[in-house]
Amino acid sequence: MYALVDCNNFYCSCERVFQPQLLNRPVVVLSNNDGCVIARSEEAKQIGIVMGAPIHLMEGIVRNHQVVVFSSNYTLYGDMSERVMKTLAGFVPQMEVYSIDEAFLDMGRLPYTNLLQLGVAVRETVVQHTGIPVTVGIGPTKTLAKLANRYAKKFHKDLGVHYLANRRLIDQALTATNVKDIWGIGAQYARLLTINGFETAADLAKAPADWVRTNMSVVGLRLLKELNGTPCAPWELEPPKKKNIATTRSFGQVTQDRSLLEEAIANHTATAAAKLRKQGSSARQLQVLIQTNVFRQQDRQYSHQIILELEVPSNDTPELIKYALKGLDLIFRPGYNYNKCGVVMLDLVNDSEAQMGLFDLSNRARGRLLNTALDALNKTYGKDTVQYAVQGFERRYRLKSNHLSQRYTTNFNELLHVWI
DNA sequence: TCTGGGGTCCTAGGACCC
DNA sequence: TCTGGGGTCCTAGGACCC
């Protein structure tokens with residue numbers, strides 16, 4: 001049996017833990033650059049705030065309902081997530097952290113009748129330890145656990161747990177679930193399925209396998225099996241190494257300034273290089289991309305990307321910055337209002353396997369020591385404590401973040417103050 | 001004025017090899 | 001005059017996830 005534990009409106013809940021006066025009020029959290037809504041409290045959902053919508057189109061609702069708006073504070077959410085995961089890990093022999101706010105728990109092989117109670121205990125303990133409310137769905141496959149979780153949110157909101165303990169309960173949940181709400185069914189497949197007469201998960205579960213294979217590839221076939229109770233997804237107890245590592249950002253405002261793009265690219269490269277080192281990888285290719293704002297129809301549009309082959313696989317910050325700036329040089333065109341840029345590390349290899357170049361004369365050992373020292377300092381004293389000059393010091397390209405809360409749990413200067 | 005960021009997997013088709 | 005077939009690798013594009 002699998003349990004899918006997911007934090008309710010996670011980012012909003014994190015903010016509320018430290019500002020309990022916001023309970024029962026509409027709260028939203030915005031994407032980077034204060035652009036779109038990426039998390040909503042129940043109250044915000046009820047007054048019609050749409051997921052993913054640009055906040056500037058909702059000024060009316062925000063004003064009329066006194067919606068509390070936050071910029072995203074990933075330092076806080078990441079730390080709260082760790083605390084939740086740590087609590088969950090105490091309940092089961094093995095678990096899989098699926099995303100920042102979700103985890104699959106291994107509930108054992110047999111359908112014990114007391115799994116519902118276990119789910120309730122998980123929920124109570126997490127809220128006691130962290131203040132974050134969670135929902136628990138339990139079923140014989142990951143897909144059914146997801147489905148049970150959704151069902152719990154819809155029909156057992158107060159209990160916050162649902163257990164698909166037998167055939168009848170599974171059928172009931174399948175029938176109550178629209179195909180578009182199945183894990184793995186996106187907008188395209190939902191349309192395809194509806195056109196072909198599949199309305200609910202129960203309909204899909206009975207679909208002919210060859211039709212599913214033809215129209216939805218083997219991914220669909222696996223989904224079909226999972227809906228019918230046969231697990232097809234293996235446990236991923238350790239997060240697998242990333243195969244690509246990207247750092248891209250929009251600017252706070254559009255710019256034509258080349259030096260600003262250079263600074264931004266250098267910074268994104270430094271960030272991506274640190275991510276590479278953290279997972280013990282080196283890149284064989286580096287992609288640089290720049291683009292104008294597609295929403296500004298009055299502007300001439302330009303977007304371009306280039307992939308550079310590295311002579312030797314690398315995760316060395318200054319070396320990668322050199323490549324990235326060369327890439328920028330190759331694709332930059334003056335006179336455009338740029339809005340976004342980024343770098344992607346591709347074709348990653350394990351550090352230990354990185355092949356030395358025949359003519360590679362730079363002193364890699366020294367470079368490694370420097371990077372290690374730099375990572376350690378930045379970890380202890382905060383990101384960008386030590387950096388390269390080319391990264392600039394003003395962060396002139398930085399994004400908007402006008403509604404940022406404190407880093408209550410990770411920064412000594414931003415602790416919550418309590419007066420008694 | 002203001003529209004996120006970072007990933008994964010699968011398939012078809014072409015290039016290439018023997 | 002007759003002009004194979006099987007395998008692998010790579011890439012672009014499409015689908016999905018949070």
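The table below lists the values:
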| quantity | calculated |
| --- | --- |
| 222 nm mean residue ellipticity, helices alone, for chain A (DSSP H n ≥ 4; -39,500 (n - 2.57); rounded to 500) | -12000 deg cm²/dmol |
| Accessible-area composition of chain A, carbon plus sulfur, in percent [1.4 Å probe] | 54 |
| Derived scalar couplings ³J(HN,Hα) [the range A:170-176; Karplus, 6.51 cos²θ - 1.76 cosθ + 1.60; whole Hz; x for Gly, Pro] | 5, 4, 4, 5, 4, 5, 7 |
| Calculated from backbone phi, Karplus (6.51, -1.76, 1.60) coupling profile of the range A:138-144 in Hz, x at Gly/Pro | 10, x, x, 9, 4, 4, 6 |
| The range A:1-86: C-alpha gyration tensor shape, a/c 1.5 cut-off, then a/b vs b/c | prolate |
| For chain A: accessible area per residue (Å², 1.4 Å) | 54 |
| Prolate/oblate/rounded label for the range A:312-420 (Cα gyration tensor, a/c 1.5) | oblate |
| Whole-angstrom gap from the range A:236-304 to the range A:3-31, using each part's C-alpha centre | 29 |
| Over 29 Å between alpha carbons, listed pairs A:Lys157/A:Lys242; A:Lys86/A:Lys400; A:Lys154/A:Lys278; A:Lys278/A:Lys322 | A:Lys157/A:Lys242; A:Lys86/A:Lys400; A:Lys154/A:Lys278 |
| Where A:Thr292, A:Thr372 fall by accessible area, highest first, once all protein chains stay in place (1.4 Å) | A:Thr372, A:Thr292 |
| Cβ-placed point charges (K, R +1; D, E -1), dipole of chain A about Cα centre in debye, nearest 20 | 400 |
| Additional length obtainable on full extension of the chain from A:Ile195 to A:Ile38, 0.36 nm per residue less Cα span | 53.5 nm |
| Over chain A - Rg/Rh using Cα atoms and the Kirkwood inverse-distance radius | 0.99 |
| Backbone HN-Hα couplings from phi across the range A:4-10 [Karplus 6.51/-1.76/1.60, Hz, Gly and Pro as x] | 9, 9, 9, 6, 6, 6, 3 |
| Solvent-accessible surface (1.4 angstrom probe) belonging to A:Asp210, in square angstrom, nearest 10 | 110 |
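The values are calculated or read from the model by the stated rules, or taken from the named source; none is laboratory data. All values derive from a computational prediction rather than experimental measurement. Please note: Cβ atoms are built from the backbone with ideal geometry, for glycine as well, and neighbour counts cover all protein chains shown. We work out accessible area using only protein heavy atoms, side chains counted, and drop any ligands, DNA or RNA first. Shrake-Rupley method; radii C 1.70, N 1.55, O 1.52, S 1.80 Å.
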